[in-house]
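Read through the structure below, which is laid out as structure tokens, and then see the notes.
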Amino acid sequence: MTTSAEKYFPSLTPLQRHQFSLLPEIYREWNNRINVVSRKDIDNFEVNHLLHSLAIARFIRFAPGTSVIDIGTGGGLPGIPLAVFFPDVRFTLADSIAKKIRVASAVATEAGLNNVTAVTARAESLSGQYDFIIARAVTETAQFVRLTRHLASRKSFNEKKNGYILLKGGNLEEELGPFLKSVEIADISNWFEEPWFETKKVVYLPF
């Protein structure tokens, strides 16, 4: 069966195809033990979670050696699908809730990922420098920037300057008002045809 990932990314390697095919069932099994994905969403995991995460891969092609931190990762989204897609990129998955990080760490291990580190920590207590800070529906943008700006590395070597890449939905006019001079917003519906993506966006904010 062709996965959503294969549908939109036909040049995946056999290993990536295999890993993407494993993720829905791994998440389903873990979700029965520790709820990290809403019950109604788990049946639509491939589109609502896996493919949604990969919208970032349509927006930017991370260069090998890039360091990315996924703040408020929950069970590892969007970080784990992106780690499959970018095996030469280092991903740190961070969440303040230990049981969610337990799931993220287990999923990464079961999917055979060796480019993922999972840590239990609040954003403001994290240290280190990262080329990109990613998140999915975590908090209001200005507050998110305040909590995480100490993690920003400004030594850019990617096609886009280092920055925040956020998956968001709905009307963002007021929330992104303070950033209008620098923000870039991309409609995910331009890349993926499923109706679920009609209001979903990638928000990019250079450091």
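What the table shows:
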read-out	value
Ranked LEU126, LEU166, LEU82, criterion: other C-beta atoms within 10 Å, fewest first	LEU126, LEU82, LEU166
Ascending count of other beta-carbon atoms within 10 Å, so fewest first, for LEU12, LEU50, LEU77	LEU12, LEU50, LEU77
Residue order, fewest to most surrounding Cβ atoms within 10 angstrom, among ASP187, ASP131	ASP187, ASP131
Fluctuation leader among PRO81, PRO178, PRO24 - the chain, Gaussian network, Cα springs under 10 angstrom	PRO178
Of LYS100/LYS200; LYS100/LYS168; LYS7/LYS40; LYS99/LYS160; LYS160/LYS201; LYS99/LYS168, those spanning more than 27 Å from alpha-carbon to alpha-carbon	LYS99/LYS160
Helix-derived mean residue ellipticity, 222 nm - over the chain, DSSP H n ≥ 4, -39500 (n - 2.57), to 500	-9000 deg cm²/dmol
Residues with amide H under 5 Å from that of ARG136, placed H, sequence gap 5 or more	LEU167
Relative contact order of the chain, defined on C-alpha pairs under 8 angstrom at six or more residues apart (%)	18 percent
Separation of the LEU180 and ARG39 label points, Cα + 7 Å toward Cβ, nm	4.4 nm
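No lab work stands behind these numbers, since they all come straight from the coordinates. Small disclaimer: the values here were computed from a predicted structure and weren't measured. Glycine gets a Cβ as well: all are built from the backbone with ideal geometry, and neighbour counts include every protein chain shown.
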